[in-house]
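**Q** One structure coming up, written as C-alpha cells, with questions to follow.
The values are calculated or read from the model by the stated rules, or taken from the named source; none is laboratory data. The model shown is predicted, which means the values in this text are computed figures rather than measured ones. Cβ placement follows ideal geometry from the backbone for every residue including glycine, while neighbour counts extend to all protein chains displayed. These accessible areas exclude ligands, DNA and RNA; they are computed on the full protein's heavy atoms, side chains included. Shrake-Rupley method; radii C 1.70, N 1.55, O 1.52, S 1.80 Å.
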Amino acid sequence: MTLPRIIPETVLRQQIEASDPAVSAWVAANAGSGKTHVLAQRVIRLLLDGVAPEKILCITFTKAAAANMAQRVFDTLSAWTALDDAGLDRAIRAISDRAPDASLRAQARRLFATALETPGGLKVQTIHAFCTRLLHQFPFEANVAARFEVLDEAAETKLLGQVTLGVLLDAAADPNGALGRALAVALASAADQTFKEVIGEAIRKRDAVQAWIEHGGGVEGAIAGLCGAFGVKRDDTVEQIEKDILEGPILPSSEWTAVAELCKASSPRDQEQCARLTAAAASSGAERVEVYLEVFFDTKFKARPNLVTQGLAKKHPALTQRLTQEQARLLPLRERRKAVACRDRTAALITVADAVIARYRAEKDRRGLLDYDDLIERTLELLGKVEAAWVHYKLDSGIDHVLIDEAQDTSPRQWRIIRALTAEFFAGAGARAASRTIFAVGDEKQSIFSFQGAAPREFDAMRHGFVALCRAVGQELRYVPFRHSFRSGPNVLGAVDDVFARPQALRGLSADSVRTVHEALPDAAPGLVEIWETLKPDAKREIEAWDAPFDEMTETSPQARLARKIARNIARWQAQGTRAGDVLVLVRQRGPLFEAIIRALKDAEVPVAGADRLVLTEHIAVMDLMVLADALLLPDDDLALATVLKSPLFGLDDDDLFAIAWQRRGPLRAALRAKAQAQPRFAEAVDKLDRYAAWARRETPFGFYGRLLGAEGGRKRFLARLGHEADDALDEFLNLALDYERRETPSLQGFLAWLRAAKTDVKRDMEITRNEVRVMTVHGAKGLEAPVV
C-alpha cells in the first residue's frame, strides 16, 4: 500500500497560484517539481470557469508530451464523473480556492463530455502541429498549396538526397561551369563522403546559409565578403602563393641541395633539416610546399625557434641569417595560403549548397510539400502580413488562453509566433470583455535542444517582455518558482546543488547568477549518491596488426570494464530485491559504452530493454526482411538467400546451410530445391520461398510484409528469437512501407532502395513499465524517472 505524500501547504498554495485562470503566470520549475501536473490543473480550472475548450491552446515540445498532457486532463475529468458530492468537493478544493455548490458540481461532471465533444478536441499540440493546422486553414493568405503535405524526416532525407545527386551530376557534366569548378575544388579538398556530409550539414542550416548569401547579394557577393574577412584579393590563388613560397629571393630552390649538404656534415638535428630540404628538392606540387614549410615550422605550425644548431650557426652565420629571413618571409605567405584555401573551399561549399537548396525549394513547391522549418517560416510570414489582418481577427476570436509547456526549449522564431498570437491579449480594452491569459512553464537548466534552435536564455527574456506588456495594460504576470522535487530525496538534490555551487559550473547552466536551490518534500525517502573511481586504461601491449580489433573495443578497455561493473552491480541489486525496471542507466551518447552496457547486461542475464534509439536499417529483424526481398528479386543472389535461410523466418542453421551448399554445381536456390525431397526442412523452405515470391509479384510492399509478419507468423518468430524490443522496429518498418506507397509507385525494389537511402531513426518508447533495465542517453531520458539512476 502506498501512503499519500506529505505535501507542504506552501507547495499546494504555489500550485493553486500558478494555475489560477484569472491571471497570467510564468513558472520556473525545477526538475520533478510537478510542472506538467500544474499545467493540466490550469486547463481544468479554465474549463471549470466556463472557458470553452476550443478557446484554450496548449503548446508542447513533443507529440509524446502533448499526448501525456491531454491524457492527464481527460483522466481527471473522467474520474470526476464518478465521484460523489463529497469526493468531488474535495477534488475541486484541492486545485482551487472555490467553494463548490450544486451548480459547480453539475458543471464539473459535464466537463468530460464537453471536452470530448468539442470539434477538433482539446487543442493540446506541438508548435509544428499548430502551424500545420493554421496554414491548412489559410493557405491562400499564407501562399502555400491548399492541400500541402508535411515532409517527415525520412521523406525529407530522400528528397534532399535526390536533389543533391542531381546537382552533383550536373556539376560533373559541365566541369568548366561554376558548379563544375566548385565540385573540382571540393573533391580535391576532401573525400567524396566527407564532402557529402558537409553539404548535408550546410543544408540542415540552410536558413543561416541563405541569409548569408542574400546579405551579400548572391553567391559572388558572399565570396567577396569572405575575401574581405580573410584579407585576401578575389584573384589570389593557392597556386600563385605556392609559387611565391617555393621561388623566393632569399633561398631559391636551386640552392636547397647545397644548404642540405652543409647541414648533413653537422649534428643529428642539422641532419634532420638536411633530410627535409632533400625531400623538398625531390618532391613536386603541393607536397613540395608542405615538405619545404616543415623546414621552418613544426607539426603544430609554430615557427621553429632554432633552424640550425649553434655549432653550424657559428661556422655559417650568413646561412643562419638567410634561413631566419626566409622563415619571416614564409610566415605571412603560409597564412595567406591557408586563407585562400579556406576561401576556395567555403566558396565551393556555398556554390553547391545554394544550388541544392534552390532545387530543394523548387521541388517542394512543385509537389506541394512543406518541411518543419517551412511550417514555422510560413506561419511567421502569415502572421506578419498587414493584408492578412482578418486572419489575426479569426485567431483572436478563437484563442483566449495560451499555455506553453517546456518553454525553455522554444526557439526565438517560435516565440515570435507566440508573441503574434497573444498580441491582442495586451492591447487594452477590446471588442470582447473575456479574460485572456498566457501561461508558460519551463526551466532553462533543463534546456537540452539548442541544436534544434532552442535558446534557453529566451525563457527569462520573454518573461521580462510579457511583464512589460501586462504592466502596460494594468494586468499582472505572476512569477512562481517551483523548487520542491516530488522525485528525489535531500541527498540527491544536495549533490546537484553542490556541483553547481561552483561559479564555472553555474555559468554553463543558467543566465541567472543565483545558485540552484532544490528542496525535497518532508517525507522524501533517503537517497544515496555514489561516485565510482575512474577506470584507467591498461598499459598498451604490443599487438600484431592482424590481431588488432578493427572497429570494436577490447575486453580490457575502460568502457568494457565499466560496462561489466555496472552489470555486476545491477545483478547484485536484483538478487537483493531491486526490480530491473527500477534501474535507469544514463550515458552521454550512443556509442561503444552504450552498446557495451547493453551487451554486459544481457551476458549477466539481467532483463534489459535494448537501445532507446536505433537506425531502422541496422536492426537485425529489418535487415532480415530486406535481405528476403533481395533474395526474391534476384534468385541468383546466394549470399542473400543464405542469410535469410538462417533468419527466424526460415530457421535453418549452419549445418543445414553446409548440407545444401557443399559441392553444389549451381546457384544455392537450385541446390536447395534439389535436396528438398530428402529433407522435410528443406522442402518447407522451398515451399515458403515459392509462396513468398508469388506474393512479392502481386502485392504492394506493405501488403507483402504485412502478410508475412501477420498471417504467416513472421512477427511471432522474430519476437521468439530477438525479444519484444524487435516490435518497435517491425512496427516502424510497416509504417514506412505504408508511407512509401502513399508517395511513390509501390514496388518492392523501389521500397528497398528508398529505405536504404533514408536511414530512418526509430525512437523506442521507454515509458512503458516493463521490468527491464533501461539504457538511454541523457537527452533521450528527459522527463523519465527511476528509483535507481
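**Q** So, how do all the Cα-to-Cα distances of the chain break down into 10 Å bins, in percent, from 0 on up?
**A** Bins of 10 Å from zero give 2, 9, 14, 18, 19, 16, 11, 6, 2, 1, 0, 0 percent of pairs.
**Q** Within straight cross-link reach of LYS315, meaning Cα distance under 23 Å, which lysines are found once same-chain residues fewer than 8 apart are removed?
**A** LYS264
**Q** Something else about it: Helix 85-95: angle to the longest alpha-carbon principal axis of the chain, degrees 0 to 90, nearest 10?
**A** Taking the Cα atoms of the chain, the angle to 85-95 is about 40 degrees.
**Q** In terms of modelled amide H atoms, which long-range or inter-chain residues lie less than 5 Å from the amide H of ILE404?
**A** Hits under the 5 Å cutoff: ILE59, PHE439, ALA440, VAL441.
**Q** What does the highest-first list of 240-249, 640-649 look like by mean Cβ count within 10 Å? Present the calculation step by step, with values, prior to reporting the outcome.
**A** Values: 240-249: 14.8, 640-649: 21.1.
Result, highest mean Cβ count within 10 Å first: 640-649, 240-249.
**Q** Quantify, in whole percent, the carbon and sulfur part of the accessible surface of the chain (1.4 Å probe; protein heavy atoms only).
**A** Carbon plus sulfur share of accessible area: 54 percent.
**Q** Along the charge dipole of region 213-289, Cβ charges K/R +1 and D/E -1, which of SER253, CYS263, GLY221 sits furthest on the positive end?
**A** Looking along the dipole axis, the top candidate is CYS263.
**Q** So if I place +1 on the C-beta of Lys and Arg and -1 on the C-beta of Asp and Glu, and nothing else carries charge, what would the dipole magnitude of the chain be about its Cα centre? I want it in debye, nearest 20. List each step's numbers first, then the result.
**A** Working: 105 positive and 109 negative charges, 153 e Å.
Around 740 debye, computed over the chain.
**Q** Sticking with this structure for a sec: Evaluate the relative contact order of the chain (contact order divided by residue number), counting alpha-carbon pairs under 8 angstrom at least 6 apart; express in whole percent.
**A** The normalised contact order for the chain reaches 16 percent.
**Q** Now a separate question. Rounded to the nearest whole Å², what accessible area per residue is found for region 112-166 with the 1.4 Å probe? Before the final figure, lay out each step's value.
**A** Details: 2690 Å² over 55 residues.
Each residue of region 112-166 exposes 49 Å² on average to a 1.4 Å probe.
**Q** Let me ask something else. Keeping all protein chains in place and using 1.4 angstrom, which order do SER24, SER284 fall into by accessible surface area, from largest down? Spell out each step's value before the answer.
**A** Numbers: SER24 0, SER284 85 Å².
Most to least solvent-accessible, the answer reads SER284, SER24.
**Q** Counting only protein chains, not ligands or nucleic acids, how are PHE297, PHE74 ordered by accessible area (probe 1.4 Å), most first?
**A** PHE74, PHE297
**Q** Could you derive backbone 3J(HN,Hα) for region 331-336 from the dihedral phi with the Karplus parameters 6.51, -1.76 and 1.60 (θ = phi - 60°), listing whole Hz in sequence and x where the residue is Gly or Pro?
**A** Calculated HN-Hα couplings, in order: 4, x, 5, 4, 5, 5 Hz.
**Q** Let me ask another. Just want to confirm a number: the relative contact order over region 149-221, from Cα pairs under 8 angstrom separated by 6+ residues, in percent.
**A** Value for region 149-221: 12 percent.
**Q** Further question: Which of LYS196/LYS364; LYS123/LYS445; LYS445/LYS782 have a Cα-Cα distance over 19 Å?
**A** Beyond 19 Å between Cα atoms: LYS196/LYS364; LYS123/LYS445.
**Q** Which cross-chain or sequence-distant (5 or more) residues have an amide H under 5 Å from the amide H of PHE297, H modelled 1.01 Å from N in plane?
**A** ARG304
**Q** Which of the chymotrypsin sites (Phe, Trp or Tyr not before Pro) found in region 614-690 are loop residues per DSSP with 14 or fewer other Cβ atoms within 10 Å of their Cβ?
**A** Those that pass, being in a loop and sparsely packed, are TRP662.
**Q** Still on this structure, please answer the following. To make sure I understand the rule: partners must be lysines, Cα under 20 Å from the Cα of LYS243, and not fewer than 8 residues away in the same chain. Which ones qualify?
**A** LYS233, LYS338
**Q** Over all distinct alpha-carbon pairs, what is the Kirkwood Rh of region 691-743 in angstrom?
**A** On the way: mean 1/r = 0.0866 Å⁻¹.
Answer for region 691-743: a Kirkwood hydrodynamic radius of 11.6 Å.
**Q** Output the Cα-based Rg and Dmax of region 620-683 in Å, rounding Rg to one decimal and Dmax to a whole number.
**A** Cα only, region 620-683: 11.2, 32 Å (Rg, Dmax).
**Q** Let me ask something else. If all Cα-Cα distances of region 662-727 are sorted into 5 Å bins from 0 onward, what percent lands in each bin, rounded to whole numbers?
**A** With 5 Å bins starting at 0, P(r) equals 3, 15, 17, 18, 17, 16, 9, 3, 0.
**Q** What angle do you read, to the nearest 10 degrees and between 0 and 90, between the alpha-carbon axis of helix 558-575 and the longest principal axis of the chain?
**A** 30
**Q** Another question about this same structure. Can you pull the accessible area of PHE482 for me, 1.4 Å probe, Å² to the nearest 10?
**A** 10
**Q** Would you kindly give the portion of the calculated P(r) for region 46-157 that falls above 16 Å, as a percent of all Cα pairs?
**A** When every Cα pair of region 46-157 is considered, 67 percent fall beyond 16 Å.
**Q** Once phi is turned into ³J(HN,Hα) by the Karplus curve 6.51 cos²θ - 1.76 cosθ + 1.60 with θ = phi - 60°, what whole-Hz value does each residue of region 773-789 show in order, with x for glycine and proline?
**A** Each residue of region 773-789 in turn: 5, 9, 10, 9, 7, 4, 4, x, 8, 4, x, 8, 8, 7, x, 10, 10 Hz.
**Q** Write down the Kirkwood hydrodynamic radius of region 647-789, to one decimal in angstroms, obtained as one divided by the mean of 1/r over all alpha carbon pairs. Show your work: numbers first, answer last.
**A** On the way: mean 1/r = 0.0546 Å⁻¹.
Taking every pair of different Cα atoms in region 647-789, averaging 1/r and inverting gives 18.3 Å.
**Q** Which ³J(HN,Hα) values, rounded to whole Hz and listed in residue order, are derived for region 736-748 from phi using the Karplus coefficients 6.51, -1.76 and 1.60 in 6.51 cos²θ - 1.76 cosθ + 1.60 with θ = phi - 60°, glycine and proline given as x?
**A** Calculated HN-Hα couplings, in order: 5, 4, 5, 5, 4, 5, 6, 9, 10, 5, x, 9, 5 Hz.
**Q** Here's another thing I want to ask about it. Rounded to the nearest whole Å², what accessible area per residue is found for region 559-664 with the 1.4 Å probe?
**A** Numbers: 5180 Å² over 106 residues.
Value returned for region 559-664: 49 Å² of accessible area per residue.
**Q** Tell me which aspartates and glutamates have Cα within less than 16 Å of LYS300's Cα, excluding those fewer than 8 residues away on the same chain?
**A** Here the aspartates and glutamates satisfying the reach criterion relative to LYS300 are GLU290, GLU335.
**Q** Shifting gears a bit: Roughly how many Å² of MET776 are accessible to a 1.4 Å probe, to the nearest 10?
**A** MET776 exposes around 0 Å² with every protein chain in place.
**Q** Can I ask one more? Could you state the angle between the C-alpha long axis of helix 102-117 and the longest principal axis of the C-alpha atoms of the chain, as a value from 0 to 90 degrees rounded to the nearest 10?
**A** It is inclined by approximately 40 degrees.
**Q** Can you find, among ALA142, GLY50, ALA67, the residue sitting farthest towards the positive end of the charge dipole of the chain, where Lys and Arg contribute +1 and Asp and Glu -1 at Cβ?
**A** The residue sitting most towards the positive pole is GLY50.
**Q** How much accessible area per residue does region 227-333 have, counting only protein heavy atoms and a probe of 1.4 Å, in square angstrom?
**A** Here the residues of region 227-333 average 58 Å² of exposed surface.
**Q** Separate question: Considering lysine pairs in region 628-773 that are 8 or more places apart or on different chains, how many have Cα atoms under 22 Å apart?
**A** Here the count comes out as 6.
**Q** So which GluC sites (Glu not before Pro) in region 561-640 pass both tests, a DSSP loop state and at most 10 other Cβ atoms within 10 Å of the Cβ?
**A** Those satisfying the criteria are GLU605.
**Q** Could I ask something else about it? Rounded to the nearest 10 Å², what accessible area does LYS445 have for a 1.4 Å probe in the complete protein model?
**A** For LYS445, solvent-accessible area is about 60 Å².
**Q** A follow-up question, please. Under 5 Å between amide H atoms, partner at least 5 residues away or on a different chain: which partners does PHE482 have, H built in plane at 1.01 Å?
**A** ALA28, ALA29, ASN30
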